[in-house]
Amino acid sequence: MSGGVPAVLMRGGTSKGVFLHARDVPPPGPRRDALVLDLMGSPDPMQIDGLGGTYSSTSKVMIVEPGPDSGVSYWFGQVGVDSPTVDWSGNCGNLTTAVAAFAVDEGLVPAVSPVTSVLLFNRNTDVWVEAEVPVENGRVRTHGTQRVAGVPRPGAPIATHYQDPAGSVTGRLLPTGRGLDVLDLPEGRLRVSVVDAASAFVFALAADLDVVTRARTVAQMNADEQLLERIESVRGAAARLMGSVERAEDAARLSPAVPRIVLVAPGGDVAVADLDVVAVSMGAVHRALPMTAALCLAAAARIPGTVVNAAARTDGCGKALRIAHPLGEVEAVSDVDSPADDAPAIRSVGVVRTARRLMKGTVYPFDEELTAADAEAEFE
């Protein structure tokens with residue numbers, strides 16, 4: 001690896017990340033983290049000396065290898081921009097779409113026209129994902145009419161279905177054992193719902209935090225330090241409640257991505273959306289919506305008593321849940337057993353996105369001592 005690391009830069013939905021083969025990087029552990037931080041140029045708000053894109057949605061890495069049952073295994077790393085952290089505890093719904101496309105074009109699965117079914121196994125959460133990838137002439141087809149809010153050009157649709165997603169991170173659909181909790185905060189009491197489907201999220205009503213969705217731009221909200229601090233205090237309290245940290249004030253440092261937080265409100269127009277949301281990722285308001293959030297929202301809307309179920313104009317039963325976010329709208333579907341139960345069984349959740357390979361080449365670490373050969377020798 002002294003000559004560099006083979007890499008592919010891919011867009012999946014509204015995220016972008018660096019894709020690496022597991023064979024080309026150290027095993028999971030501190031040395032892998034150090035290499036990832038090096039390649040991405042973190043910590044640095046500009047990530048000027050690496051491949052990171054300065055936003056949480058563009059500071060991501062996927063490490064991929066052949067998996068069980070003729071499928072593909074992958075690890076998702078959320079890379080801190082201005083902090084030296086790589087969080088392997090969750091998953092990225094947008095880039096999971098790109099993993100399926102990567103697997104076809106890299107020959108990890110046989111390419112079958114017109115659609116190749118790819119079985120994915122996320123090592124972070126132990127969740128299986130079934131993907132349907134359009135293929136033409138032995139390669140992933142990227143041209144099409146599927147539009148994704150936040151992506152300037154349409155593309156070919158890639159559908160992903162997350163099987164048995166409940167408890168992906170915490171082991172329980174409702175990590176606190178309840179669909180609704182009340183947090184005691186310095187500003188007063190706040191109703192929240194902590195739900196773990198595809199990934200773990202804490203949901204709160206936007207109005208309870210004095211946030212009026214679409215009243216301010218993402219940039220304006222990110223410039224409001226008091227708002228971000230208040231949202232992080234809620235996230236930290238929820239992290240403590242679900243057992244991710246012992247003290248709420250430690251959540252930003254010890255558990256920056258679990259849970260993530262989404263503020264929800266009823267859709268502004270029943271003909272347009274069922275929910276209007278603002279998501280926060282790694283301490284900043286997200287410019288769009290993480291797809292794991294959309295998946296979790298689709299599940300939470302089907303759980304009676306949650307703030308999502310109360311706010312949504314529909315619980316999504318029998319149709320897609322329409323979710324408005326700062327860049328547009330996305331639909332997510334859920335397949336649920338006994339939706340009238342307090343804690344229904346979530347069979348699957350799914351979305352349709354697009355993905356595209358942007359670049360394939362070699363990325364050069366600044367620290368040439370972070371080599372796969374050295375790491376293998378160290379771990380033998």
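The values are calculated or read from the model by the stated rules, or taken from the named source; none is laboratory data. The shown structure was predicted, so the numbers you read here are calculated from the model rather than taken from an experiment. We place every Cβ from the backbone using ideal geometry, glycine too, and count neighbours over all the protein chains shown.
Keeping to region 251-265, report how many residues are surrounded by fewer than 18 Cβ atoms within 10 Å (Cβ to Cβ) and either at pLDDT 90 or above or not assigned by TED's automatic domain parsing to the domain that holds VAL307 (or both). Residues meeting the conditions: 0.
Filtered by the rule that a residue be in contact (Cβ under 8 Å) with a residue 40 or more places away in the chain, surrounded by fewer than 16 Cβ atoms within 10 Å (Cβ to Cβ) and in a strand (DSSP E or B), region 186-210 gives a lone residue, ARG191. Looking only at region 177-211, residues that are among the aliphatic types (A, V, I, L, M) and more than 26 Å from VAL333 (Cα to Cα) come to 6 in all. In region 148-158, which residues are at pLDDT 95 or above and either outside any loop (DSSP other than H, G, I, E, B) or buried (at least 18 other Cβ atoms within 10 Å of the Cβ) (or both)? GLY155, ALA156, PRO157, ILE158, listed by residue number.
From the list GLY50, GLY71, GLY3, GLY41, the lone residue that is surrounded by fewer than 24 Cβ atoms within 10 Å (Cβ to Cβ) and free of Cβ contacts under 8 Å to residues at least 12 places away in the same chain is GLY41.
Scanning region 159-182 for residues that are surrounded by fewer than 20 Cβ atoms within 10 Å (Cβ to Cβ) and either part of a loop (DSSP other than H, G, I, E, B) or in contact (Cβ under 8 Å) with a residue 12 or more places away in the chain (or both) yields a total of 11.
Can you tell me which residues in region 53-68 are part of a loop (DSSP other than H, G, I, E, B) and either of a type outside the set (S, T, N, Q) or crowded, with 19+ Cβ neighbours inside 10 Å (or both)?
First, pick out the residues of region 53-68 that are part of a loop (DSSP other than H, G, I, E, B): 53-55, 59, 67-68.
Those that are part of a loop (DSSP other than H, G, I, E, B) and either of a type outside the set (S, T, N, Q) or crowded, with 19+ Cβ neighbours inside 10 Å (or both): GLY53, TYR55, SER59, GLY67, PRO68.
Residues of region 133-147 that are crowded, with 16+ Cβ neighbours inside 10 Å and without any contact (Cβ under 8 Å) to a residue 40 or more places away in the chain: VAL133, PRO134, VAL135, ARG141.
If only residues of region 321-357 that are of a type in the set (Gly, Ala, Ser) and more than 15 Å from VAL277 (Cβ to Cβ) are counted, the one that is modelled with the lowest pLDDT is ALA340. Looking only at region 79-114, residues that are part of a strand (DSSP E or B) and farther than 23 Å from LYS360 by Cβ come to 1 in all. Applying the criterion of being over 21 Å from ALA298 (Cβ atoms) and either touching a residue at least 60 places away in the same chain (Cβ under 8 Å) or within 15 Å of the chain's Cα centre (by Cα) (or both) to the residues of region 90-120, the residue that is surrounded by the most Cβ atoms within 10 Å (Cβ to Cβ) is ALA101.
Here are VAL280, VAL285, VAL307: which of them is of a type in the set (Val, Ile, Thr), touching a Leu at 6+ places or on another chain (Cβ under 6 Å), under 24 Å from VAL169 (Cβ atoms) and in the same structural domain as PRO344 (by TED's automatic domain parsing)?
On the way: VAL280 fails: touching a Leu at 6+ places or on another chain (Cβ under 6 Å); VAL285 fails: touching a Leu at 6+ places or on another chain (Cβ under 6 Å).
The match here is VAL307.
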